[in-house]
Amino acid sequence: MISERELLRLVRPVSRSFYLSLIFLPEEVRKELTVGYLMARLADCIADYRGVVGWEQLSLLEELKRNYFRICATDGRMPVLVDEGEKRLLLACELLAEVFERSEQRDLLADVLGKILEGQIFDMRRRLSGGESDSLSSDEIIRYCENVAGSVGEFWVRILRRKGFIEKGCGEEELVRHGREYGIALQLVNIVRDRERDEEMGRIYLKIGDLSWAVERVEHGLDRGEELGKCLLGKRVRVATLLPCR
């Protein structure tokens, strides 16, 4: 089975910021969070790849949601990626699937991956139906962000709770809500930051006039992240969790 060190080597070329969060984490929680990130990142590679017809991308995403990455590098429909880090990730797909199947946290991994893929499928269907030239409504944006990033915040909290890194007096469901809002905020930051690049790829999420409510939602979500941090045990866990908003 692929080692934790090899998993981290796959993360670094595709996300230096998340790599930093992962290396701060204690060993008890690092592997599942690393696997979850890599499998979600692989789905991103497919959703963002411009070298295949959109309906083929949609078909792959839907099959990934059904089969949890059992179609991997040996499947001829998988995209040929230019980026070396993404190529290595694609070639490791079957190894990631093996770790996923054997994980003690398989239920949480399946839940978060299903939600992320649901958000990506929603976005892909919208673009294929001719809606890519229109920005999303605020409700649609939050739905998308909740699926692709809020779910990650929930996953992060539930893993930390299972492994004993959350204060006993802190309610899990409240912290899950904090994690969800924190994840939504970080995704909104990405959308605002990447607005021009996304438009070049035919994806319009926010128009200039929508920025004010988005900024308010970001501020709220980052505040929830700070509240979450107060209930975490261990400096390394707190640093890893709050690093993205620093």
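A few notes on this one:
- A convex hull fitted around the alpha carbon atoms of segment 87-204 yields 134 Å³ per residue.
- Karplus-derived 3J(HN,Hα) values for segment 96-111, using 6.51 cos²θ - 1.76 cosθ + 1.60 with θ = phi - 60°, are 5, 4, 5, 4, 4, 5, 8, 5, 5, 9, 4, 5, 6, 4, 4, 5 Hz; glycine and proline are entered as x.
- Residue by residue, segment 162-174 carries 3J(HN,Hα) couplings of 4, 8, x, 9, 10, 3, 5, x, 8, x, 4, 5, 5 Hz when phi is fed to the Karplus relation 6.51 cos²θ - 1.76 cosθ + 1.60 (θ = phi - 60°); x denotes Gly or Pro.
- For Ile166, residues with placed amide H under 5 Å, excluding near neighbours: Leu233
- Calculated FRET value between Ser138 and Arg246, using beta carbons and R₀ = 25 Å, to 0.05: 0.40
- Overall form of segment 101-160 per C-alpha gyration tensor (a/c, 1.5; a/b vs b/c): oblate
- Stokes-Einstein D for segment 166-243, Kirkwood Rh over Cα pairs, 20 °C, 1.002 mPa s (µm²/s): 156 µm²/s
- Listed values [x] 1.04; [y] 0.95; [z] 0.97, entry calculated as Rg/Rh (Cα atoms, Kirkwood Rh): [y]
- Burial order of peptide ranges 33-40, 60-67 (average beta-carbon count within 10 Å, highest first): 33-40, 60-67
- Helical contribution to [θ] at 222 nm, DSSP H n ≥ 4, -39,500 (n - 2.57), averaged over the chain, rounded to 500: -21500 deg cm²/dmol
- The residues of the chain expose on average 48 square angstrom of accessible surface per residue, using a 1.4 Å probe on protein heavy atoms.
- Whole-Hz ³J(HN,Hα) from phi, Karplus 6.51 cos²θ - 1.76 cosθ + 1.60, for segment 233-246, glycine and proline x: 9, x, 4, 5, 5, 5, 4, 4, 6, 8, 3, x, 9, 8
- Carbon-plus-sulfur accessible fraction, the chain (probe radius 1.4 Å, protein heavy atoms only): 48%.
- Summing charges over neighbours of Lys230, with a neighbour being any other residue whose Cβ is under 9 Å away from its Cβ, gives -2 when K and R count +1 and D and E count -1.
- 25 Å Cα-Cα threshold exceeded, pairs from Lys87/Lys163; Lys163/Lys230; Lys31/Lys235; Lys31/Lys115; Lys87/Lys207; Lys31/Lys230: Lys87/Lys163; Lys87/Lys207
- Length-normalised contact order for the chain - Cα pairs under 8 Å, 6+ apart - percent: 22 percent
- Sum of side-chain charges, Ser103 neighbourhood, beta-carbon under 11 Å (Lys, Arg +1; Asp, Glu -1): -2
The values are calculated or read from the model by the stated rules, or taken from the named source; none is laboratory data. Quick caveat, the model's predicted, so the values are computed rather than measured. Because the Cβ atoms are built from the backbone with ideal geometry, glycine has one as well, and the counts that use them run over all protein chains shown. Ligands, DNA and RNA are stripped out before the accessible areas are found, and what is left, the full protein with its side chains, is counted by its heavy atoms. Shrake-Rupley method; radii C 1.70, N 1.55, O 1.52, S 1.80 Å.
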